[in-house]
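Asker: Dumping the structure here so I can ask a few things about it.
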Amino acid sequence: MKLYWTPASPFTRKVSVSAQELGISDRIEVIPTKWPLVWAYSTIPFTPGLAESNPMARIPTLVTDAGVSLGDSTLICQHLDAVAGGGRLIPTGEAAWRMWSLYAVADGLLEAQVAMRAERLRPVPNQSEGFLSKQRDRIRRCFDRIEERAGELACPPDALPNLAMITVGVACGYQDWREWLFDFREGHPRLAAWAAGFVERPSMASTRPSETPEH
Ligand SMILES: N[C@@H](CCC(=O)N[C@@H](CS)C(=O)NCC(=O)O)C(=O)O
């Protein structure tokens, strides 16, 4: 498998954490890409092969061993789960719907974080305060809902976290990383306690976000 990757993307981190939790990272060839969000506002050439694999030219994109291109982190995580035998990050039966329901809240939170990042990359006079505050409100509501459902984040010591837990962990990590985002711990004590433990997992510790001139 080939993964178009950047250390700044929370969607990509979700994939990297999933692969590590499943123990299949060594089956993935990582292809670093440059400045994916800046592309939205520039003509920087795409990393060779990316736009050919995924016409949206977004990160993450995974090309499977069979040569199928998956240009979306949710699909990629489903594929990784299947490669690892299935039913490991994604529960089966009725439990799956509860997991996907929480996942959708956490993934929507990531979308709002990345939308704010994209807006903030525009020249300041062009930025819309209305748009930014709409995303901020959405992020707050998502954290409120996750706090209400914090009981679903408990992971037995010998079990893998599910995909919703991983996505919540990545969302908390992104919220901490960007200094212009509010502290998610305020008003969310159960989530704060959970996140403090989750961030210590080796899969999280080794995928901390960063932004360098190369990426
Ligand atoms: N729904 C997609 C979202 C991926 C996404 O928005 N990726 C961003 C980086 S975090 C990107 O590549 N943006 C570049 C662009 O929009 O031009 C997923 O889950 O993979």
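The values are calculated or read from the model by the stated rules, or taken from the named source; none is laboratory data. Values in this document were obtained by computation on a predicted structure and should not be read as measured data. Glycine also receives a Cβ, built like all others from the backbone with ideal geometry; neighbour counts cover every protein chain displayed.
Asker: Out of (1) of a type outside the set (F, W, Y); (2) within 14 Å of the ligand (Cβ to nearest atom); (3) free of Cβ contacts under 8 Å to residues at least 24 places away in the same chain; (4) closer than 23 Å to S25 by Cβ, what's the single condition that is false for E119?
Answerer: (4)
Asker: Considering Q78, Q20, which residue is surrounded by 15 or more Cβ atoms within 10 Å (Cβ to Cβ), polar (S, T, N, Q) and without any contact (Cβ under 8 Å) to a residue 24 or more places away in the chain?
Answerer: Details: Q20 fails: without any contact (Cβ under 8 Å) to a residue 24 or more places away in the chain.
Just a single option satisfies the conditions, and that option is Q78.
Asker: Next question, about the same structure. Test R122 against the criterion of being more than 27 Å from G23 (Cβ to Cβ) and surrounded by fewer than 16 Cβ atoms within 10 Å (Cβ to Cβ), and give yes or no.
Answerer: Details: more than 27 Å from G23 (Cβ to Cβ): yes; surrounded by fewer than 16 Cβ atoms within 10 Å (Cβ to Cβ): yes.
Yes.
Asker: Does the stretch 116-138 hold any residues that are modelled with pLDDT under 95 and under 23 Å from T167 (Cβ atoms), and which are they?
Answerer: Of everything in the stretch 116-138, those that are modelled with pLDDT under 95 and under 23 Å from T167 (Cβ atoms) turn out to be R117, A118, E119, R120.
Asker: Tell me, yes or no, whether the stretch 85-105 has at least one residue that is of a type in the set (D, E), within 11 Å of the ligand (Cβ to nearest atom) and free of Cβ contacts under 8 Å to residues at least 60 places away in the same chain.
Answerer: Our first condition is that a residue be of a type in the set (D, E); within the stretch 85-105, this holds for 94.
Subsequent filtering for residues that are within 11 Å of the ligand (Cβ to nearest atom) retains none.
Checked the stretch 85-105: no residue is of a type in the set (D, E), within 11 Å of the ligand (Cβ to nearest atom) and free of Cβ contacts under 8 Å to residues at least 60 places away in the same chain.
Asker: Here's another thing I want to ask about it. With respect to R178, determine if the residue is outside the structural domain of L102 (by TED's automatic domain parsing), under 15 Å from the mean Cα position of the chain (by Cα) and of a type in the set (K, R).
Answerer: no
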